[in-house]
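A short reminder: the numbers here are calculations on the coordinates, not readings from a lab. Values in this document were obtained by computation on a predicted structure and should not be read as measured data. With ideal geometry, Cβ positions are generated from the backbone for all residues, glycine too; neighbour counts draw on all protein chains shown.
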Amino acid sequence: MHGIIVHTAGEPAVGISVTNGRAVTKTDETGRFALPDEGRFVVITRPTGFTASPWWLPAPGGSDGTAEIGLRFELVPETQTLPYRFLHLTDTHMTVPRSDEETDELAFGLYREGSLPGQITDFLRSLPERAPDAQAVFITGDLVDHGLAEEYEAYLEALTASPVPVHVIPGNHDHMNGHHGSLISRNDYLTNTGTPELYEKYLGPRWYSFDVAGLHVVTLDWHTHELGLDHEEQNAWVKADLAQLPFGSPWILLFHDQPNFSIVDELPWQPVAAFSGHWHTSRVVQVGDTLHVNSPTTFFASLDYSPPAFRTVTWDGENITLQTETLLTVAEPDALGDVSRSTFAASSSPSAHPSIVWRSELAGAGHRQPVSIDAGVVFAGGQVEDRAAGSVEALDLATGELLWRTATGSAVKTTPAPAEDVVIAAEVSGDVSAFDRTTGALVWKVPSSDPLRRFAWGAPTVAGGLVYLGDQSDLRAIDVATGDVVWRRTDLSPHHNLVNHSAPLVIDGSLLVMGFWPTPAHPIGLDALTGESVWATAELNRDDPFAALKRLLIMGTAAYDSSNDSVLMPAFGHTTRVDRATGETVWVSAHEGGFSPATPVVTEEGIVVTVTGHGIRMLDRETGETVWDRRIDGEAPFPMASYTKTPHPVIAAPAVVEGADRRELLLPGLDGVVRRISLDGSVIGSAQLASPFAATLVDAGDLVIAVGTDGNVVALDRAVAS
């Protein structure tokens with residue numbers, strides 16, 4: 001097949017790359033090109049300073065390649081200045097409004113809807129005020145939620161609201177075509193089935209390239225690549241595309257998931273950055289010379305409990321830099337400090353409440369991770385989401401003075417664990433490090449087994465000279481003194497992108513209990529010393545409520561109730577009690593909280609459960625029945641419970657503290673309020689601070705320690721909110 005590319009005045013466009021999705025060629029001095037008669041589309045690489053009308057066309061069916069009149073493309077000048085800025089959005093999961101019955105039929109069970117067309121339209125229309133320097137928007141897949149024709153039609157209509165060019169690629173949801181089947185891929189990856197025909201019908205080519213301000217941009221289709229439908233074709237094309245550039249030229253990759261060996265090992269040289277979604281997390285890691293940027297969802301809260309957000313990416317001609325911003329849909333509460341970058345970057349938020357004993361500022365933001373305290377020292381982890389960075393910090397418990405601060409190679413989203421002469425921290429890349437507890441110097445480091453697949457949102461747990469941590473595909477026990485791996489389980493689950501927020505629970509130094517979702521299909525009980533399975537979960541009674549009701553979605557860390565030798569676990573929309581010896585379910589108690597990751601709090605009076613987006617309630621320890629329920633209301637600045645859009649203050653568990661003559665609960669909130677609640681559910685008092693709190697308070701004797709999502713660590717008099 002033949003074609004021609006011209007400028008707007010009609011003169012030939014010389015040396016422009018053109019592809020049929022397999023072969024790549026360039027136009028000659030007349031602007032003409034010829035390609036083999038294969039492939040579904042003919043796509044041009046729009047050069048720096050130009051767009052094109054059109055930039056792709058369907059391949060002419062039945063062409064014999066000899067016609068004098070072929071495909072015609074016209075280059076149109078487009079202003080592209082340095083620094084070149086674009087917005088990175090991902091996983092918009094757009095759904096169209098429909099009846100409740102239709103929604104229930106399509107819903108995934110974990111959420112009813114993704115973004116709505118009006119949300120996308122409103123955001124794009126706001127760009128002149130929200131991001132006046134942005135020259136484009138890049139959206140890395142899962143554009144629509146169910147892959148339906150009506151969703152695609154509404155999506156295309158929504159994109160017309162953008163004042164700047166929008167570049168999109170497909171994700172796995174875009175290939176669903178209304179079906180929700182699953183499989184394990186050729187690379188041992190749990191994902192959904194799918195086909196790309198409907199995406200191509202509405203949006204055209206699934207892999208292509210273009211240039212902006214001297215930066216080459218390559219897009220690929222992760223899902224069909226992972227499924228093995230066209231991975232060899234995509235690998236061959238990207239090699240041919242990059243071969244048109246001088247070797248080593250700067251380029252970036254747009255890929256729905258974080259690229260792993262099946263694509264990066266095929267590249268002639270690596271990109272300067274790769275932008276992805278799929279995980280619904282904020283995760284920035286540096287691997288070799290490539291900055292891997294995995295961005296959170298923009299129009300609802302993410303699976304790592306990040307608030308809705310977007311990233312501004314700047315290319316200055318040599319380097320890529322980031323700025324992550326929280327998407328606020330309500331007015332910032334007057335009582336709070338700057339929340340525009342909460343959980344992504346630190347900000348100073350002084351509070352004037354008289355209960356504050358001291359306040360310290362971390363190098364990065366906070367999230368759901370509380371501090372740990374040992375021997376008069378407060379240990380905290382920080383996250384810096386605008387680059388591959390984080391920190392572990394030690395503060396004096398009495399004064400808040402910084403004792404030491406050690407930078408890490410990626411965010412520390414978990415609580416550091418003091419153990420013997422070290423403090424151990426897990427980075428979001430999966431790296432695990434031990435630091436000298438007195439100086440912060442590195443003592444040992446266990447590198448991640450795969451920094452593009454592993455994740456660490458669950459804190460390390462120390463028991464019996466070992467530290468336990470990991471995800472469902474790589475759970476490890478490491479010697480505290482040496483950093484040697486004592487045992488490792490990689491067989492519990494195939495890899496998947498659904499981040500685990502569970503820390504291992506170790507009972508009596510012998511049993512390790514941990515839950516995941518969606519796989520493995522039941523909480524695990526392992527011998528803590530050997531890693532061997534103790535609970536025969538595959539043989540559990542088929543009448544087990546877990547199996548019958550499909551409530552095997554463990555959201556967070558378990559708690560142990562020694563009074564009845566049972567384990568309490570936070571599941572999706574439920575709390576469950578299982579027998580410590582066998583793993584058999586004793587009871588399951590439902591709540592409306594959905595994604596509620598907070599650990600149940602065991603008290604003599606009952607089990608206190610955090611119902612995200614609602615409040616807290618107490619359950620009877622023996623039956624799971626509700627003893628009391630306390631709804632909490634307040635002005636939170638953003639939502640954090642996964643898939644939610646409406647801000648609510650409750651996501652953290654309460655802490656049990658000794659009151660004047662009885663034990664009471666201290667509940668922190670995203671509205672900056674610390675509430676004191678009696679163990680009969682009555683609100684005793686409250687204290688308004690300036691930081692949103694998503695982490696449980698930590699009892700430190702005369703003090704309680706709070707960590708804000710803005711990175712402010714606050715020591716409060718234990719009588720706060722009395």
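Quick notes
- Near Thr438: Cβ cut-off under 13 Å, other residues only, Lys/Arg at +1 and Asp/Glu at -1. The net charge is -4.
- Only beta bridges with both residues in the stretch 2-77 are counted; by DSSP, about 75 percent of them are antiparallel.
- Along each principal axis, taking the top coordinate minus the bottom one, the Cα set of the stretch 108-148 gives 39, 18, 17 Å in descending order.
- Cα-centre dipole for the chain with unit charges at Cβ (Lys and Arg positive, Asp and Glu negative), debye to 20: 620
- Taken along its three principal axes, the alpha carbon spread of the stretch 454-516 comes to 31, 22, 19 Å, from the longest extent down to the shortest.
- Calculated [222 nm] ellipticity per residue, helices only, for the chain: -2500 deg cm²/dmol; basis is -39500 (n - 2.57) per DSSP H run with n ≥ 4, divided by all residues, nearest 500.
- Formal net charge of residues neighbouring Ser686 (Cβ-Cβ distance under 11 Å; K, R +1; D, E -1): +1
- Extending 7 Å from Cα along the Cβ direction at Asp316 and again at Ala660 yields two label points whose distance is 5.8 nm.
- In terms of its Cα atoms, the stretch 2-77 spans 33, 22, 17 Å along the principal axes, sorted from long to short.
- The stretch 213-288 versus the stretch 303-372: alpha-carbon centroid distance in Å: 30
- Pair-distance distribution of the stretch 548-657: all C-alpha pairs, bin width 5 Å, starting at 0; shares per bin in whole percent are 2, 13, 24, 25, 18, 10, 5, 2, 0.
- Estimated translational diffusion coefficient (Stokes-Einstein, Kirkwood radius over Cα pairs, 4 °C, 1.567 mPa s) of the stretch 84-326: 71 µm² per second.
- Surrounding net charge for Ala345, when Lys and Arg each add one and Asp and Glu each subtract one, Cβ distance under 12 Å: -3
- The stretch 376-385 - phi-based ³J(HN,Hα) in whole Hz, Karplus 6.51/-1.76/1.60, Gly and Pro as x: x, 10, 9, 10, 9, x, x, 10, 10, 9
- Over the chain - Rg/Rh using Cα atoms and the Kirkwood inverse-distance radius: 0.99
- With 5 Å bins from 0: P(r) over the stretch 660-715, alpha-carbon pairs, percent: 5, 20, 29, 25, 15, 6, 1
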